[in-house]
Every structure is written in C-alpha cells, then in structure tokens.
Amino acid sequence: MTFHNKVIYQIYPKSFYDSNGDGLGDLRGIIQKVPYIASLGVDMVWFNPFYLSPQKDNGYDISDYYRVDPAMGSMEEVEELIAALAAEDIGVMFDMVLNHVSTEHEWFQRALAGEKEYQDFFYLRPAQADGSLPTNWESKFGGPAWAPFGDTDLYYLHLYDVSQADLNWHNPRVRQELFKVVNFWKEKGVRGFRFDVLNVIGKAQELVDAAPGQSDKLLYTDTERVHSWVQEMHRETFGDLPDAITVGEMSSTTIANSVAYTQPARQELDMVFSFHHLKVDYDRGEKWSLVPFRFMELKQILTDWAVGIQQGGGWQASFWNNHDQPRALNRFGDVERYRVESATMLAAAIHLTRGTPYIYMGEEIGMVDPVYSSMESYVDVETHNAYAALRERGLSEAEALQVVASKARDNSRTPMQWDASAAAGFSSGQPWLQPTSQAEINVAAEEAGGRILPFYRQLVDLRHRMPLISEGSYEPFALEHEQVYGFVREHEGQRLLVACNFYGRETELEIPADFTAGRVLIGNYEQAPALTQKLTLRPYETLALLVG
Ligand code: NOJ
C-alpha cells in the first residue's frame, strides 16, 4: 500500500511557532519552519484545526469550516503553507471535525432562531416524562450531555463541551454539507484527512437511557450506521484520490470495528487511532487518577491490536503522543535519569511496528510535561472541569493539582521548544501556555549534538527504505517477559527482532540463535552489546536485530 512506508508529523498550530509576537502560534510561523519539518524526512503533516472558532475547545469547536481563524492567519497563508510543504514533497492532513459544530456556527444559530430546517441539523429532544434530561448520558468533558436549547423546552445533545453541539448525521442535508467541507479542502490540494471522533457520529434516532451499570458509550459508539456513513463519505469525497491518506480518531473502539474501518475492500478509511494502550495508567478506567502504568497490560494491548488488525487485513496508526495526551515520556519513561534512552526506546517501539507512525511535535527532541505550581497555568476546559470534580470528591488543592498535572491535555500543548530562551524561541511575546523545560530540552541543543533527533531521523529513513518495516508481518516475542516488549517482523526472507526494555534496570533476554548471527539495525546505546543468545539489555535499551 502506498501509505505503509509514510511517516506523519503532527503540528498543534497554536504552539508551533509564533511569527507575530502575540503569544499564539500561527500559519506564518509554520511556513517559516518548513525547513525544519523537511529535515525530519516526514511525508505528511497533520494540523490540528485552525478554522474559525470561539476556541472553547482549542479549535475543535468550529464556527465556520471555510474560514481561517484570524489569530492563526488567512486562507492565503493556508494555500502558501500547502505549497511550501508540497515543494518539499510533504503532504498535508487536515482535521475534519464532523461530529459537532460550535454553538456559534450559523447552523446552530439559525436553529436557535426557530428555523425548522436547521433544527433538524442537531439532536434536539424534550425532557423525559419525569422531567429528567432526555437521556442520562454524560459529556466526555464532565457533566450531563444535554443543555437547554434556547428558551424552548428542548435540549440539545453535546457529547463534548456545552459549546459543541452534536450534528444529526441522519439528516441527508447534514451529510451533504459535511462532505462539501471535505471536498472544499480536497480542492485546495489537501490529501490527508484526520476525522475527529468519527465513531460516535452514529447515534440512533431514538435516544435512550443507558441501563444501570451500562456505559452510555455502548449506545452510540461504533454502530453499524457509522460504517455505512463512512462508506458514503468515501464515495462522495476522497475515494477518487489515489494518494489520499485517511485516519479516523476512534473513541473506545474495538479491534473488530477497527478492522472493518480499515480493510481496503470495504472502502472506509486507511487507518484508525485507538487509545486502549494509553489507558494503562488509569485507575479502573478513571483517567483523573494517579497510578503507575501497568506494563504487562500495555504489552498485551499493543500485541493484541497489532496481531488482530493484521489478521483482519486492516491497518493502524502507531503513536504514543498527541495533543490530547500527556507526554508518553513522562508516563512510560524516566524523564529524570534516562530521558534520552527512554525517548528513543519509545520511538523504536512505535516506528518499527506494523502501522503508520505519527510523531507529535516535540517528541522528536524528547519534550516532557511542563511543571506548573497552580491551576492558573492550565488553559484546557477539560482540565478545569476535572479539577473541580476532584475537589468536589474531597481531594485537597495540592492533591487535585497533582492528578491534573499528570493527565492534563495542556501537557502536550505547551509551545515547541526551539531554544533555551524564556519563551523557548517560540515567540517574542508571552506564550499562551508557559514552557518550563526549554533550558535543557530544545531543538538547538538537539541539533548541536543531541541523540534523540538523529534517532528519529534514522527511524523515518528506515521505514522509507525497508519494506521489511513498512510491509513485514508482526509476530509477538517474549510475551511473558516482565520488562521487555518485543516483536518480530518478517518479509521476503528478512527478519527483524525488536526488543524494548521499559525499565531503568538491566534485564536479560533470551533470543533465538539465528539472531546472534545477525546485525544491529538500530539501537539506542552508542556501543551495541555482544549478540549472544542471552542478551543483557541496559536501562531503557532498545535493539533491532536484522537477519537475512
Ligand atoms: C478529539 C480531539 O482530539 C480533542 O482535542 C477534542 O477535544 C475532541 N475530539 C472533541 O472535538
């Protein structure tokens, strides 16, 4: 497949580079940094939304799909950006937020003004007979998923923030309008589409309460309707582009559904983002908790997904980080003692597996979560809601802050650290979110002799050059090992054994005899170890051994 050997870089525009000193990243800033992006060797850049938005959820609350938020730049600059990247042979992937619009969007405003036609764009429902909300569903950002619809006796559904009204995909007009949006950007030369929370678009027409003990998510996630609407979107929008790359962000999805979304013959999507591997540091499913990550569970999930998706003939996106996740380095590595080793080990686990790797800006220089001492430093709506809920549950300010500090989405949204200066070389003004680790961690330092950035460049290059990595089969290895995550890739007589030590202490790993006669394709220590059947892996060491 054409996209199997591609690597995608994710940019959070608000935090990449500020060209005009207002403290917010902008499109002009990204254009200025195209040489850096090109130096990574990546094939496509996914941009988080930069459309017109009241910014209640950092751009995922879109009030006009066809306009650029003036704080980010102009349509001319979008076109210039697409062209500047194309000149480096880099495609762009735009974020399509089609499950909801901002309540400031014209459609919602016209619905509020009483236009029936637009009221049918949303899920508007009356209270239940006993006066309770239309259903007992929860918003994913906390609180109920329903809010009063103006001064009517109806409520509108919002699975996310109260300012993000869910769109009624049952209405063919809505689908037409949304496909028009995709086609508008396609006409501008966009070849990558990332569909926000796509698997929750398929709510039933008749909405019902979740039964006691049942998760409301089951009622609206991955329904059969989603598949047929995605197929329709494929037909009506990107399906005729041979070079399109599409990825659906799938909330709480399953392997079976992910296979169905991505089997080429079904003509839905190229790949999915799933998140189960990023919940292994939740306490019984609760994100806002503080527990160490469960390594054996992480391994099992990575393995089950890689094997299951392969068996079904599907494809997955391979990633640790994005703009919604705290930095993986803080979660699964050791930022104090082994930052370089753990950053590179995590990179190898993602880039050498079967799937399309995504690099989230800053990951390639080993950026870490910021250290803030008060809630005032955080901006994200979800974080503030969670803090309030934790306080209500009886946690002290300090305890609640500690939980928030480990899970906040702002952790990954801090500005890209270009140099060691006060604003990290991101802005000549006051950054909208404060960086705190730029003194040691920044692009300039990495370029001058760091080990993480070159390692990433090498991984990107290997995927481009070696069909073994882009196309090879995946087989679990050392599943029982309590410190090492491993797998074997195989393709046309070549085999690659990848071993990743997830801990800061040495460990022994028994490898098959034929690999002792192989060579180290890539490793994250300067001196490769002797290849004996009993290998000693050093703290956070990763090794990829090639035979054939
Ligand atoms: C997923 C996006 O990644 C996240 O940032 C956003 O808040 C929700 N979808 C709602 O659009």
5 angstrom amide H check on residue 147, placed H, neighbours 5+ away: 156, 158
Calculate one ³J(HN,Hα) per residue across the stretch 116-131 by plugging θ = phi - 60° into the Karplus curve 6.51 cos²θ - 1.76 cosθ + 1.60, and present them in order as whole Hz with x for glycine and proline. 4, 3, 7, 4, 6, 7, 10, 8, 10, 9, x, 5, 6, 3, 7, x
What is the ratio of the Cα radius of gyration of the stretch 397-548 to 2.2 N^0.38 Å, where N is its residue count, to two decimals? 1.33
For the pair residue 294 and residue 494, how long in nm is the line joining their label points, each one 7 Å along Cα→Cβ? 3.7 nm
Roll a 1.4 angstrom probe over the protein heavy atoms and tell me the percent of accessible area of the chain that is carbon or sulfur. 49 percent
Quote to one decimal, in nm, the extra length available between residue 448 and residue 473 on full extension: 0.36 nm per residue of separation minus the C-alpha distance between them. 5.3 nm
Straight-line reach from residue 116: which aspartates and glutamates have a Cα under 18 Å away, not including same-chain ones fewer than 8 places off? 104, 106, 151, 153, 166, 177
Which angle from 0 to 90°, rounded to the nearest 10, does the C-alpha axis of helix 224-236 make with the longest principal axis of the chain? 90 degrees
Ignoring ligands, DNA and RNA, how do 514, 222 rank by accessible area with a 1.4 Å probe, largest first? 514, 222
For the stretch 491-497, Karplus couplings with θ = phi - 60° (6.51, -1.76, 1.60), whole Hz, Gly/Pro x: 6, 6, x, 9, 9, 10, 9
How big is the antiparallel share of DSSP beta bridges in the chain, given as a percent to the nearest 5? 60 percent
Relative packing of peptides 33-40, 540-547 - highest average C-beta neighbours within 10 Å first: 540-547, 33-40
Which part of the stretch 254-294 falls in the paramagnetic zone of residue 482, meaning amide N under 16 Å from the point 7 Å along Cα-to-beta-carbon? 293-294
Show the residues, 5+ positions off or on another chain, whose built amide H is closer than 5 Å to the amide H of residue 321. 360
Once Lys and Arg are counted +1 and Asp and Glu -1 for all other residues with Cβ under 12 Å from that of residue 13, the total becomes -1
Straight-line reach only, C-alpha to C-alpha below 28 angstrom: list the lysines that residue 407 could link to, leaving out same-chain residues fewer than 8 apart. 14, 56, 140, 217, 279, 287, 299
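The values are calculated or read from the model by the stated rules, or taken from the named source; none is laboratory data. Model, not experiment: these values are computed from the prediction. Glycine gets a Cβ as well: all are built from the backbone with ideal geometry, and neighbour counts include every protein chain shown. With ligands, DNA and RNA removed, areas are computed over all heavy atoms of the protein, side chains included. Shrake-Rupley method; radii C 1.70, N 1.55, O 1.52, S 1.80 Å.
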